[in-house]
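Inspection log for the structure reproduced underneath, given as structure tokens.
The values are calculated or read from the model by the stated rules, or taken from the named source; none is laboratory data. Quick caveat: nothing in here was measured; it's all calculated off a predicted structure. Here the Cβ is made from the backbone with ideal geometry for all residues, glycine too, and neighbour counts use every protein chain on show. Side chains included, ligands, DNA and RNA excluded: accessible areas come from the protein's heavy atoms. Shrake-Rupley method; radii C 1.70, N 1.55, O 1.52, S 1.80 Å.
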Amino acid sequence: MKKKLTAIFAGVIMLATLVACNKEESGDITTMNMNKYMKLGEYKGLTVDYIPDEVTDDSVEEEIKSILIANSEKIGVKEGKVKNGDLVNVDYVGYKDGVAFDGGTAKSQNIRVGAGNYIPGFEEAMVGMTPGETVEAEMTFPEEYHSSELAGQDVVFAITCNFIYPEITDEVVVAMESDKYGTKDEFYTYVEEKVRSDAEENNSSNITALAFEKILENSEFKEVPESIKKMQKEDLEKKYKVAIDAGAGDLETVVQYIYGCSADELIDVYAKQRMAIQAIAKAEGIEVTDAEIDERLSELAEEFGTDPQGYLDANEITREKFKELMISEKVQQFVYENTKTASAVTDGE
């Protein structure tokens, strides 16, 4: 279950509204004295086993492909023949001894010709094709291929070229109608910056999640207040309401399917994470002012075309819960900045 929980934490606190009688049971965790319920363990200077993502040519290529695919209707298609380096949309069927083999059939696949992502001979067979054309090409699976049934085997692939994506030019970029880029150079700059930003965000999320696993292991929990457990259950019910209403099962069934643990186990982990975050905030004097809350709400409200209270109402979030989220963001950033990765320790220290 640990790997599942690492993936789901990812720096996010789910929010839900809870109405009750006294302040400590009101769902405003930021006012609760966590020392009554837990003893916070070591939470900074931790080291986690993680190799950070880096920006690579492959990751930039995947982002370019995803943008072209998303804009395929706007940018149109390229006429002429497929050449090395083209991004091509194809269907294919693989045959062994005249019979289509399992895993060898696909439709509407986007392939960068010459990238070397398919077995030898596959991408080469596409060079010179025109949209609508089908070619049959003989090729041999590598001896080290992961499927023992296909390794070293001679096969025939019938490949149909559906269309060729146009090369990226200023005209093609303009056709995408994006406010993020207007020229070819701006497009490539945007892609590289986005891939770098996504990698940094993914690293931060994963490192923080791993750090919180250790924080929970280092801490002692005397009691998890029922008010927090109740909030977590309501959070999960809100998050998976669509799936539950669609007949996927009750909350327990959905949680078991997605996370491989019981709903009670998941609720317990989430609750302890929230408690630990507030305990760290208290220990480090991390706070959020009313002015900060107002500023963030105003920004979000403007983005979604409403007013601050309208934003809260639309998202069923109380101001107290919004404050908790903002504190959580600060704490998670603090934990991230104070956590080292095993690779950093090995390479630099």
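Largest accessible area first, the residues Asp307, Asp235 order themselves as Asp307, Asp235 under a 1.4 Å probe with ligands, DNA and RNA left out.
If R₀ is 35 angstrom, what is the calculated FRET efficiency for the pair Glu226 and Glu302, using the beta carbon separation as r and rounding to 0.05? List each step's numbers first, then the result.
Details: r = 38 Å, r/R0 = 1.08.
After rounding to 0.05, the efficiency reads 0.40.
Inter-label distance, Thr140 to Asp198: 3.8 nm, where each label sits 7 Å from its Cα along the C-beta direction.
The alpha-carbon positions of region 146-258 define a convex hull whose volume is 323 Å³ per residue.
Glu302 sits among other residues whose Cβ lies under 15 Å from its own Cβ, and their net charge, with Lys and Arg +1 and Asp and Glu -1, is -4.
Give me the percent of accessible area attributable to carbon and sulfur for the chain, probe 1.4 angstrom.
48 percent
Looking at the chain, the DSSP beta bridges with both ends there are about 90 percent antiparallel.
Normalised by 2.2 N^0.38 Å, where N counts its residues, the alpha-carbon radius of gyration of region 132-175 equals 1.88.
In whole angstrom, how long is each semi-axis of the equivalent ellipsoid of the chain, when you take the square root of 5 times every eigenvalue of its Cα gyration tensor and sort them from largest down? Let's see the in-between values first.
Numbers: eigenvalues 458, 130, 93 Å².
Rounded to whole Å, the semi-axes are 48, 25, 22.
How do 261-269, 203-211 rank on mean C-beta neighbours within 10 Å, highest first?
Details: 261-269: 18.0, 203-211: 20.9.
Top to bottom by mean Cβ count within 10 Å: 203-211, 261-269.
Rolling a 1.4 Å probe across the protein heavy atoms gives the chain an accessible surface of 55 Å² per residue.
Could you tell me which of the pairs Lys272/Lys340; Lys230/Lys321; Lys36/Lys229 are separated by over 18 angstrom between their Cα atoms in the structure shown?
Working: Lys272/Lys340 23 Å; Lys230/Lys321 14 Å; Lys36/Lys229 16 Å.
Going by Cα-Cα distance, Lys272/Lys340 fall outside the 18 Å limit.
Computed on the chain, with alpha-carbon pairs under 8 angstrom and 6+ residues apart, the relative contact order is 28 percent.
Hey, how many Å between the Cα centroid of region 206-278 and the Cα centroid of region 60-74? Their Cα centres are 36 Å away from one another.
Using only DSSP helix segments of four residues or longer, with each worth -39500 (n - 2.57), what per-residue ellipticity at 222 nm results for the chain after dividing by its residue count and rounding to 500?
Working: 13 runs with 164 residues, N = 349.
After summing the helix terms and dividing by the residues of the chain, the value is -15000 deg cm²/dmol.
Each of the peptides 101-109, 125-133 was scored by the mean count of other Cβ atoms within 10 Å over its residues; in descending order, highest first, they stand as 125-133, 101-109. Taking Cβ atoms as reference points and 13 Å as the exclusive limit, the residues near Ala158 contribute a net charge of -2, counting Lys and Arg as +1 and Asp and Glu as -1.
Tally Lys/Arg at +1 and Asp/Glu at -1 over every other residue whose Cβ is under 11 Å from the Cβ of Ile75; what's the total? Could you put the intermediate results ahead of the total?
Details: positive: Lys74, Lys78; negative: Glu73, Glu167, Glu171, Glu177.
Charge balance near Ile75 sits at -2.
The largest accessible area among Arg296, Arg112 belongs to the first residue in Arg296, Arg112, and the rest follow in falling order (1.4 Å probe, all chains). Treating r as the C-beta distance of Asp91 and Asn338 and R0 as 35 Å, the FRET efficiency rounds to 0.10. Taking a ≥ b ≥ c as the square roots of the eigenvalues of the alpha carbon gyration tensor, region 190-349 is rounded, as a/c is under 1.5. Maximal additional length on extending the Ile51-Glu167 stretch stands at 38.3 nm, based on 0.36 nm per residue less the C-alpha distance.
I'd like to compare 35-45, 311-321: which one has the highest average count of other Cβ atoms within 10 Å, and what's the full order after that?
Numbers: 35-45: 14.6, 311-321: 16.3.
So the peptides 35-45, 311-321, ranked by packing, come out 311-321, 35-45.
Using the Cβ-Cβ distance between Lys107 and Ala175 with R0 = 30 Å, the FRET efficiency computed as 1/(1 + (r/R0)^6) comes to roughly 0.70.
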